[in-house]
Amino acid sequence: MKNTLVDLNNILFEQLERLNDDSLSDEEMEMQLKRTDQIVKVSEKIISNGELAFKAIQHKDKYYGTGGKQLPPMLEGDW
């Protein structure tokens with residue numbers, strides 16, 4: 001895994017396919033539901049973090065232009 005949003009999207013769809021598996025026993029389905037809950041929680045944090053990074057770039061470009069001043073180190077990333 002390369003830890004991209006495309007990878008996250010693939011993981012979410014793979015989990016959806018597992019949940020749609022009619023051959024799962026009740027116990028297996030319960031395990032998959034718990035797993036899904038955890039995947040969703042982590043995914044929401046990843047997405048929120050990506051949104052924050054995007055907003056930081058927009059804010060920087062709006063107020064500082066595409067060159068010039070840098071963001072605080074905590075908000076910098078590999079753009």
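What follows draws every value from the coordinates through simple rules; no lab data is involved. In this text the structure is predicted, and so the values were computed from the model without any measurement. Cβ atoms come from the backbone with ideal geometry, glycine included; neighbour counts cover every protein chain shown.
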Contour minus Cα-Cα distance for Asp37 and Leu5 (0.36 nm per residue): 9.7 nm
Near Lys60, which aspartates and glutamates are there with a Cα under 13 Å away, not counting those fewer than 8 places off in the same chain? Glu76
Along each of the three principal axes of the Cα atoms of segment 4-49, give the extent in whole Å, ordering the values from largest to smallest. 36, 16, 9
Could you work out how far apart the two model spin labels at Leu52 and Arg18 are, taking each label as a point 7 Å from the Cα in the direction of the beta carbon, and quote it in nm? 2.7 nm
